[in-house]
Amino acid sequence: RITASGLLRPAEVWPVYAPSGARIDALPYPEGAHAAKDSVLVQLYVPDLHMRRQTLLARLEGLRWQAAASGLHAESSSRLLVNEDALATAQAELASLEAESLTYAPRAPFAGQLRDLDPDLQVGQWLPRKEKIALLVRDGSPWLVETWLDEESVQRVTAGDSAQFITDGLHGPVLRLTVSAVDRDA
């Protein structure tokens, strides 16, 4: 019989974080709420992205006007191809910017429960780069127990062995487990 401390955690989680410094504009789900697949989990605002988008939209409008006007005047028709190329480049830049903006409104890749949401987070708060906001736990995710054993105990445990997990304080049910893998590295 081997006794060791272990960590009980869901097997399938998806971390929600701020890709760079950003302000929280919306927190649609409270701690423990169920989120449907593809739902926005948090809406973040990045002033730089907003300014770049506004500048690009204004540039696109000017380029569209120039491209349209190039075909009407004989002296500007030679610039038609140049204007069309500049317009296509600006449209590609806008598509790239829109794709980058999607990272600031992360969507649930699967249905699940939002966990580990900091209760102090609120709309209007600024977050630093790579700040963890929450974890999305997949509906029906199996649970894993990870434990650390000394070298002698590791030699006695193999995949397929049975085990038990008892919560601290003995208040939860005793979980019957099967060892799925043993990592023998230190």
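The values are calculated or read from the model by the stated rules, or taken from the named source; none is laboratory data. Every value quoted in this text rests on a predicted model; they were computed, and no experiment measured them. Here the Cβ is made from the backbone with ideal geometry for all residues, glycine too, and neighbour counts use every protein chain on show. The area values use the complete protein model at the heavy-atom level, side chains included, leaving out ligands, DNA and RNA. Shrake-Rupley method; radii C 1.70, N 1.55, O 1.52, S 1.80 Å.
Summary table below
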item	result
Flag for Leu56 being in contact (Cβ under 8 Å) with a residue 24 or more places away in the chain, closer than 30 Å to Asp139 by Cα and open to solvent by less than 80 Å² (accessible area, probe 1.4 Å)	no
Residue under evaluation Glu146, criteria (1) part of a strand (DSSP E or B); (2) more than 30 Å from Asp48 (Cβ to Cβ); (3) modelled with pLDDT of 95 or more, criterion not met	(3)
Pairs where the first residue, in the stretch 1-16, is in contact (Cβ under 8 Å) with a residue 40 or more places away in the chain and more than 22 Å from Ser153 (Cα to Cα) and the second is of a type in the set (Gly, Ala, Ser) and open to solvent by less than 60 Å² (accessible area, probe 1.4 Å), C-beta under 7 Å, 6+ apart	Pro10/Ser141; Ala11/Ser141; Glu12/Ser141; Val16/Ala134
Conditions (1) at pLDDT below 95; (2) not in a strand (DSSP E or B): number failed by Gly124	(1)
Of all residues in the stretch 136-165 being under 29 Å from Pro30 (Cα atoms) and among the β-branched types (Val, Ile, Thr), the one that is most open to solvent (accessible area, probe 1.4 Å)	Val145
Test for Leu44: is it among the aliphatic types (A, V, I, L, M), closer than 20 Å to Arg129 by Cβ, exposed (fewer than 14 other Cβ atoms within 10 Å of the Cβ) and modelled with pLDDT of 85 or more	no
Filtered residues of the stretch 90-106 (kept if open to solvent by 60 Å² or more (accessible area, probe 1.4 Å) and closer than 18 Å to Ser20 by Cβ)	Ser96, Glu98, Glu100, Leu102, Thr103
Residue in the stretch 29-37 that is open to solvent by 50 Å² or more (accessible area, probe 1.4 Å), at pLDDT below 80 and out of contact with any Ser or Thr (no Cβ under 7 Å at 6 or more places or on another chain) present	no
Options Pro109, Pro119; residue that is outside any helix (DSSP H, G or I) and open to solvent by 60 Å² or more (accessible area, probe 1.4 Å)	Pro119
Counted residues, the stretch 81-117 - those being free of Cβ contacts under 8 Å to residues at least 60 places away in the same chain and hydroxyl-bearing (Ser, Thr, Tyr)	3
Arg129 being under 32 Å from the mean Cα position of the chain (by Cα), over 29 Å from Thr55 (Cβ atoms) and either open to solvent by 70 Å² or more (accessible area, probe 1.4 Å) or at pLDDT below 85 (or both)	no
Tally of residues being part of a loop (DSSP other than H, G, I, E, B), aliphatic (A, V, I, L, M) and modelled with pLDDT of 90 or more across the stretch 150-180	3
Residues satisfying the stated conditions in the stretch 12-28, i.e. open to solvent by less than 40 Å² (accessible area, probe 1.4 Å) and assigned to a loop (DSSP other than H, G, I, E, B)	Ala18, Pro19, Ser20, Gly21
